[in-house]
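**Student:** The structure's right below; bear with me while I get my questions together.
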Amino acid sequence: MSLIVVGSVAFDAIETPFGKTDKIVGGAASYIGLAASYFAKSTKLIAVVGDDFPKEDIENFESHGIDTEGLQIKEGEKSFFWSGKYHMNMNTRDTVTTELNVLENFDPIIPESYQDCQFLMLGNLSPQVQKQAIERLVNRPKLIVMDTMNFWMDIALDELKEAMSMVDILTINDEEARQLSGEYSLVKAAKKIQAMGPTYLAIKKGEHGALLFNHNSVFFAPALPLEDVFDPTGAGDAFAGGFIGYLAKTRDISFDNMKRAVIFGSAMASFTVEKFGTERLVNLTQKEIDERVQEFIDLVQFDIALIEDTI
Ligand code: AMP
């Protein structure tokens with residue numbers, strides 16, 4: 001079932017305690033689209049780049065079955081550029097540079113062939129553009145998932161709240177959930193954020209896993225304990241891509257299936273952090289994904305009898 005992914009396609013420069021990159025391909029929609037492409041066979045991209053963006057990288061999206069008709073290329077303009085630095089604690093990072101460039105005036109045009117998509121993933125981007133993307137779809141998709149970050153909470157909170165009120169699921173990290181709600185407790189934060197619109201809330205907690213809230217219950221998925229975490233950039237986006245990709249593939253948006261989708265999302269995030277940028281995400285096999293999901297199952301499965309039953 002087809003899926004539209006809206007978000008940044010960018011150049012990133014990343015520094016971690018283990019190394020440093022010059023400009024490499026990044027952007028929320030790149031990670032989301034690539035992760036989703038292993039599940040949803042019809043993933044359609046809406047994004048904008050400058051004429052400095054390499055053709056080979058666009059071809060690389062296409063070789064993953066990603067439709068790039070909605071990827072605008074602006075002649076004479078520069079692609080979005082973001083740089084970040086991680087310290088020894090890889091759960092937090094500093095944004096060093098955000099150059100919006102082509103994103104500053106991004107007008108998300110929806111190609112005719114994208115209409116009637118059932119799943120919409122709004123990756124990290126200006127909330128104004130996220131809202132426009134929803135409004136420009138003739139029929140509301142069956143499921144709209146939205147990701148955002150503190151950058152937009154700082155500079156466009158009202159627009160962000162408007163966009164949030166139009167979606168089904170919001171995915172953010174724990175720090176952002178606290179900032180958005182003004183609550184330290186993630187349970188209280190989830191209640192406040194759900195009152196702003198989304199029925200479901202996925203809170204990403206880096207190496208501490210992810211929580212999925214609906215109104216009455218909460219599901220927790222751990223992150224896989226990995227020997228080496230090389231570069232956490234894009235982990236949240238790969239999570240979102242695996243999550244919505246799995247839902248689009250299975251066409252089932254029940255809470256039980258969302259729990260499975262959280263595990264597939266967590267598996268895609270765990271691959272992403274093993275190498276710089278999208279390097280690991282572009283070369284996965286179905287077998288590797290299956291084995292990784294099995295590791296998640298083994299990690300949390302245990303047999304236990306309640307004390308009362310053992311007496
Ligand atoms: P994540 O590590 O999952 O939060 O995502 C990192 C990606 O988000 C990088 O590849 C960046 O290019 C992209 N990014 C960072 N800041 C922004 C922003 N303000 N708007 C859109 N994309 C962004």
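**Student:** For every other residue with a beta carbon closer than 14 angstrom to the beta carbon of Ala240, add +1 if it is Lys or Arg and -1 if Asp or Glu, then tell me the sum.
**Tutor:** So the environment of Ala240 carries a net charge of -3.
**Student:** Here's a follow-up. Can you give the net charge of the other residues whose Cβ lies under 10 Å from the Cβ of Leu122, counting K and R as +1 and D and E as -1?
**Tutor:** Charge balance near Leu122 sits at 0.
**Student:** Please list, by residue number, everything in segment 274-301 whose backbone N is under 20 Å from a paramagnetic label point 7 Å out along Cα→Cβ of Lys20.
**Tutor:** Output list for this probe position: 275-278.
**Student:** Under a straight-distance cross-link criterion of Cα-Cα below 18 Å, which lysines are reachable from Lys131, leaving out those fewer than 8 residues away in the same chain?
**Tutor:** Lys44, Lys142, Lys161
**Student:** Now, a different point. What residue among Leu125, Leu186, Ala28 has its Cα farthest toward the positive end of the dipole of the chain, where the charges are +1 on Lys, Arg and -1 on Asp, Glu, each on the Cβ?
**Tutor:** Positive-most Cα among the choices belongs to Leu186.
**Student:** Please list 3J(HN,Hα) in residue order for segment 278-295, calculated via the Karplus relation 6.51 cos²θ - 1.76 cosθ + 1.60 where θ = phi - 60°; whole Hz, with x for glycine and proline.
**Tutor:** Ordered by residue, 3J(HN,Hα) equals 8, 3, 6, 6, 7, 10, 8, 10, 4, 5, 4, 5, 4, 5, 5, 5, 4, 4 Hz.
**Student:** Students often forget the sequence filter, so: which lysines lie under 17 Å Cα-Cα from Lys55 once same-chain residues fewer than 8 apart are removed?
**Tutor:** Cross-link targets: Lys23, Lys74, Lys78.
**Student:** Using a 10 Å cut-off on Cβ atoms, rank the peptides 97-106, 51-60 from the highest mean neighbour count down.
**Tutor:** Put in order of decreasing packing, that is 97-106, 51-60.
**Student:** Among 273-280, 107-114, how do they line up from the highest to the lowest mean number of other beta-carbon atoms within 10 Å?
**Tutor:** 273-280, 107-114
**Student:** What nm distance separates the two modelled labels at Glu62 and Leu100, each placed 7 Å from Cα along Cα→Cβ?
**Tutor:** A separation of 3.1 nm, rounded to one decimal place.
**Student:** Starting from the Cα of Leu157, step 7 Å toward the Cβ, then list every residue of segment 176-200 with an amide N under 20 Å from that point.
**Tutor:** So the set is 176-198.
**Student:** What does the charge dipole of the chain about its Cα centre add up to, to the nearest 20 debye, if the Cβ of each Lys and Arg holds +1 and the Cβ of each Asp and Glu holds -1?
**Tutor:** So the magnitude is around 700 debye.
**Student:** Using a 10 Å cut-off on Cβ atoms, rank the peptides 40-48, 138-146, 155-163 from the highest mean neighbour count down.
**Tutor:** So the order, starting with the most tightly packed, is 40-48, 138-146, 155-163.
**Student:** Quote the relative contact order of segment 2-300 in percent (integer), defining contacts as alpha-carbon pairs under 8 Å separated by 6+ residues.
**Tutor:** Averaging sequence separation for qualifying contacts and normalising by length gives 18 percent for segment 2-300.
**Student:** With a 1.4 Å probe and all protein chains kept in place, how much accessible area does Val187 have, in Å² rounded to the nearest 10?
**Tutor:** Accessible area of Val187: about 90 Å².
**Student:** Set the Förster distance to 30 Å, then compute FRET efficiency between Asp228 and Asn150 from the Cβ-Cβ distance, nearest 0.05.
**Tutor:** Efficiency at R0 = 30 Å is approximately 0.65.
**Student:** Tell me, what is the FRET efficiency for Leu306 and Thr250 to the nearest 0.05, using R0 = 45 angstrom and their Cβ-Cβ distance as r?
**Tutor:** Given R0 = 45 Å and the Cβ-Cβ separation, E is 0.90.
**Student:** Could I ask something else about it? With the cut-off at 1.5 for a/c, could you classify the chain from its C-alpha gyration tensor as rounded, prolate or oblate?
**Tutor:** The shape class here is rounded.
**Student:** Report the calculated FRET efficiency for Asn91 and Asp116 (r = Cβ-Cβ distance, R0 = 51 Å), to the nearest 0.05.
**Tutor:** After rounding to 0.05, the efficiency reads 0.80.
**Student:** Ok, one more. Name the aspartates and glutamates eligible as straight-distance cross-link partners of Lys275: C-alpha to C-alpha under 12 Å, and not fewer than 8 places from it in the same chain.
**Tutor:** The reachable aspartates and glutamates, counting only those whose Cα sits under 12 Å from Lys275, are Asp228, Asp231.
**Student:** Using +1 at the C-beta of Lys and Arg and -1 at the C-beta of Asp and Glu, which of Gly197, Trp82, Ile4 has the Cα lying farthest in the positive direction of the dipole of the chain?
**Tutor:** Gly197
The values are calculated or read from the model by the stated rules, or taken from the named source; none is laboratory data. Note that the coordinates shown come from a computational prediction; the quantities given were computed from them, not determined experimentally. We place every Cβ from the backbone using ideal geometry, glycine too, and count neighbours over all the protein chains shown. Note: areas computed on protein heavy atoms with side chains; ligands, DNA, RNA excluded. Shrake-Rupley method; radii C 1.70, N 1.55, O 1.52, S 1.80 Å.
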